[in-house]
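Notes follow once the structure below has been shown.
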Amino acid sequence: MSKKDSSKIRVGITIGEINGIGLEVIIKTFQDSRMMDDVIPIIYGNSDVAKAHRKALGIEDFSFHGVKETEEALPKKANMINVWEEEVKIDLGNPSKETGIYSFKSLDAAVTDLAANKIDVLITAPIDKDNIQSKDFEFPGHTEFLAKMSNVEESLMFLVAENLRVGVATGHIPLKEVAEVLDTQTIVRKLKLMNESLMKDFGVPSPKIAVLGLNPHAGDNGLLGSEEKEIITPAIRQVKEDGIYAFGPYGADGFFGTASYKKFDGVLAMYHDQGLIPFKTIAFEDGVNFTAGLPIVRTSPDHGTAYEIAGKNLASEGSMRQAIFVACDIYRNRQIYKEITANPLEPQKKPKPKPRS
């Protein structure tokens, strides 16, 4: 790889559920050759599976460039590593336990290369959270799995779009458990993670964060619930003392209904659907799921496997394309943040001289 090409960001992409729309949106993304101007894409999957998807979609003017290792990946090509060699039955729109096995094989291979610094960022196509479950994957989703792999106890599911960024305090848990697990320190930790991510990953110098209430109308002064007074407001007060600009709690319906989110750099929702329903309503075509708080950069389209349209050439690649753009922006922003926050008095390591040929 030439010196010029080495400056391109190496983007690792998993194919997700092989009977869903993951490969369709990947193929459609890289049919536009401009997507490879600044990145070297490396897809972790299987060429026969990809061929089956192209045939179903009637796409004949595109193919992946097969490589055995990331080091062989070429610029201006959509490179694919065959993670498995055996034949797999493709039945688009119909998941099985077997397809979950291959979803994990793709993910595991990409994460292994990410840990070895063979790729710079990770993009994950949607998985089926049910059929991927095994002794190797006992997690509610990608977010929790990657936090475990990164040896990080706390992460933040962060949905991002151009004018909207929504984090979720409690993640993938049943609704009936939200009030049980929610406490002041959890909200404090999530707010600190969001504040740090907005600065480091998105280049926002002094973020303003809106905090949503748990109950309708943010509890109506205790009439509809006490969590706002007893848990959420104390958390906001605590982070303010640490210099974080957090405000609220706000009633979720009025907050989104009046487009108040436009006045803030980030929004912390208390539970999954409270944040994701308005987010996907506002930014479904371009929304991206980002896992904040990890030492690695991982993004994903904000949609699921969409079995009902798999193989019908109806899936939009917009969110996958944005997931790649956002991952690359975050990767660059982290480099800038590291430079501007470095201690100028700390001696820099001198590069070792290269041996003469």
Practice problem: Give the range 44-74 a look and list any residue that's in contact with a Leu (Cβ under 8 Å, 6 or more places away or on another chain), assigned to a helix (DSSP H, G or I) and not aliphatic (A, V, I, L, M), or say none. | Solution: H53
Practice problem: May I ask you to list the residues in the range 134-188 that are acidic (D, E), over 24 Å from S260 (Cα atoms) and assigned to a loop (DSSP other than H, G, I, E, B)? | Solution: D136, E138, E153, E154, D183
Exercise. Residue by residue through the range 319-331, note down the ones that are over 19 Å from V111 (Cα atoms), surrounded by 18 or more Cβ atoms within 10 Å (Cβ to Cβ) and not charged (D, E, K, R).
Key: S319, Q322
Quiz item: Restricting attention to the range 206-214, does a residue exist that is out of contact with any Asp or Glu (no Cβ under 7 Å at 6 or more places or on another chain) and of a type outside the set (A, V, I, L, M)?
Solution: yes
Exercise. With the condition kept exactly as written, say whether any residue in the range 63-78 is in the same structural domain as E144 (by TED's automatic domain parsing), under 24 Å from N151 (Cβ atoms), buried (at least 23 other Cβ atoms within 10 Å of the Cβ) and not charged (D, E, K, R).
Key: no
Practice problem: May I ask you to list the residues in the range 79-104 that are surrounded by fewer than 21 Cβ atoms within 10 Å (Cβ to Cβ), touching a strand residue (DSSP E or B) at 6+ places or on another chain (Cβ under 8 Å) and not polar (S, T, N, Q)? | Solution: V83
Quiz item: What pairs come up if the first residue lies in the range 295-312 and is over 29 Å from Y337 (Cβ atoms), the second is hydroxyl-bearing (S, T, Y) and at pLDDT below 95, and their beta carbons are under 8 Å apart, counting only those six or more places apart or on different chains?
Solution: H303/S319
Quiz item: Counting just the residues of the range 16-43 that are in a helix (DSSP H, G or I) and under 18 Å from the mean Cα position of the chain (by Cα), which one comes out nearest to N82 (Cα to Cα)?
Solution: L23
Quiz item: Only one of (1) assigned by TED's automatic domain parsing to the domain that holds Q274; (2) closer than 26 Å to R334 by Cβ; (3) touching an Asp or Glu at 6+ places or on another chain (Cβ under 9 Å) is not met by V166, so which one is it?
Solution: (3)
Quiz item: Of all strands (runs of 3 or more DSSP E) completely enclosed by the range 218-312, which ones contain at least 3 residues that are surrounded by fewer than 22 Cβ atoms within 10 Å (Cβ to Cβ)?
Solution: 245-250
Practice problem: Within the range 165-191, work out how many residues are farther than 21 Å from D242 by Cα and among the hydroxyl-bearing types (S, T, Y). | Solution: 1
Practice problem: Return the residue satisfying two criteria in turn: it lies in the range 204-217 and is among the β-branched types (V, I, T) and closer than 14 Å to F255 by Cβ, and of such residues it is surrounded by the fewest Cβ atoms within 10 Å (Cβ to Cβ). | Solution: I209
Quiz prompt | Hits in the range 74-120 - residues which are among the aromatic types (F, W, Y) and free of Cβ contacts under 8 Å to residues at least 60 places away in the same chain | solution = W84, F104
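The values are calculated or read from the model by the stated rules, or taken from the named source; none is laboratory data. Just so it is clear, the model here is predicted, and its values are computed rather than measured. Quick reminder, even Gly has a Cβ in these numbers, built from the backbone with ideal geometry, and neighbours come from all protein chains shown.
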